[in-house]
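Worksheet for the structure shown next.
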Amino acid sequence: MPALAQQESVLRDGISQRHFKALAALIYDETGIKMPPTKLTMLEGRLRRRVRATGMSSLDAYCSHVLSDAATPEERVHLVNAVTTNKTDFFREPKHFEYLAETVLPNYVRDGRRRIRCWSAACSTGAEPYTLAMVLDDFAERRGGPDFDILATDLDTDVLATAVKGIYPDEMLEPVPREMRRRYVLSPKDESRRDVRISPVLRQKIGFGRLNLMDVRYPIGEAVDMIFCRNVLIYFDKPTQRQVVLRLCENLKPGGYLFFGHSESIAGFDLPLTPVANTVFRRD
C-alpha cells in the first residue's frame, strides 16, 4: 500500500470493542490507570502514532501484536508511554512550596538536620523536581543548610528523557520567581532560540529513573524525608490508591512529609499519616 494511502487508512481506523477491553485490562494491570469507554477516542489517537512508528498496517494489527506473546517488553513500554498523562508546570500548586520553605525546612533546621533526601514520585518532564531543587537550594543558601538530594521517577521513559536534559520552552519557566530564574536557569547564547536549560548546580542534585508505582516494592534505597506524589492518585481506583499510599509510607521516614495534589483525597484510608496542611501529611 502506498505510504499516503496507508496513512489515510490508519487515520480512519478504529479500535474494536474486543481489543479496547483487552487493552484497558492490560493498561490497568501494568499502570493502575483506569481506561473507561469514554477514553476510547483518546487511546485511538495516541496509538496511531505507534502504528506509524512500527509500520503496521492498522490499529487492529497493532493491538493484536501488543496484546500477544510476540510483543517485546520495549513495545509494552511504548504502550504505557502512550497512555500516561504528563501535565506538569514549574511551581504547580505553589502553596506546597510555600509550606516547604516556611514550615518544613525550618523544622529540619531546628532539629539539626544537615542533609535530607526527597523523592518526586511522578516527575513527568521534570518541572516538579527542578522546582523542588530551586526551593531547597535557595533555602540552604540563605540558612546554611540542610543539604539535599532528590530522586525523581516516572513510569514514562519519554518524559524522563526530557527531564534528564533539563531543556524547556522559555515560556514554561514563567512561574519561576525572577531571582530564582536568574540563578538557576541558563539562556542560550543563540538569541533566536526560544528554550532555556536548568543549571548544572541543580541538575547534579537530581537522580532520574523509571519506577512503576504499581510495583509491589519500590527499589529506591533508604527511606526518604519527603515525598511529592501529586496528581497521580486521581487516575487510580480506591483500592489501588490505598495500596500505593501504603507503599509510599513504607518508604517515608517517621516524621517525614508526604505531599498529594490539591484535588486528591485519602479520606477513609487507615494510614500512619497525620494531616498538617492542605493535602500535606506527616508520617507517624
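A residue that is in contact with a Leu (Cβ under 8 Å, 6 or more places away or on another chain), within 17 Å of residue 229 (Cβ to Cβ), β-branched (Val, Ile, Thr) and outside any helix (DSSP H, G or I) cannot be found anywhere in region 123-140. Does residue 77 satisfy the criteria of being outside the structural domain of residue 140 (by TED's automatic domain parsing) and not charged (D, E, K, R)? Considered against the rule, which asks whether it is outside the structural domain of residue 140 (by TED's automatic domain parsing) and not charged (D, E, K, R), residue 77 comes out as yes.
Checking each residue of region 223-236 against the condition of being in contact (Cβ under 8 Å) with a residue 24 or more places away in the chain, exposed (fewer than 13 other Cβ atoms within 10 Å of the Cβ) and not in a strand (DSSP E or B) gives no match.
Looking at 45, 32, 55, 126, just one residue is of a type in the set (Gly, Ala, Ser), within 20 Å of the chain's Cα centre (by Cα) and not assigned by TED's automatic domain parsing to the domain that holds residue 157, and that residue is 32. Within region 141-153, not a single residue is among the acidic types (Asp, Glu), in a loop (DSSP other than H, G, I, E, B) and either exposed (fewer than 15 other Cβ atoms within 10 Å of the Cβ) or not assigned by TED's automatic domain parsing to the domain that holds residue 203 (or both). Name the residues in region 184-202 that are touching a helix residue (DSSP H, G or I) at 6+ places or on another chain (Cβ under 8 Å) and in a helix (DSSP H, G or I), would you? Hits for region 184-202 are 184, 201, 202.
Selection of region 237-253 for residues being in a helix (DSSP H, G or I) and either outside the structural domain of residue 155 (by TED's automatic domain parsing) or hydrophobic (A, V, I, L, M, F, W, C) (or both) yields 244, 245, 246, 248, 249.
The values are calculated or read from the model by the stated rules, or taken from the named source; none is laboratory data. If you're wondering where the values come from, they're calculated on a predicted model, not measured in any experiment. Cβ atoms come from the backbone with ideal geometry, glycine included; neighbour counts cover every protein chain shown.
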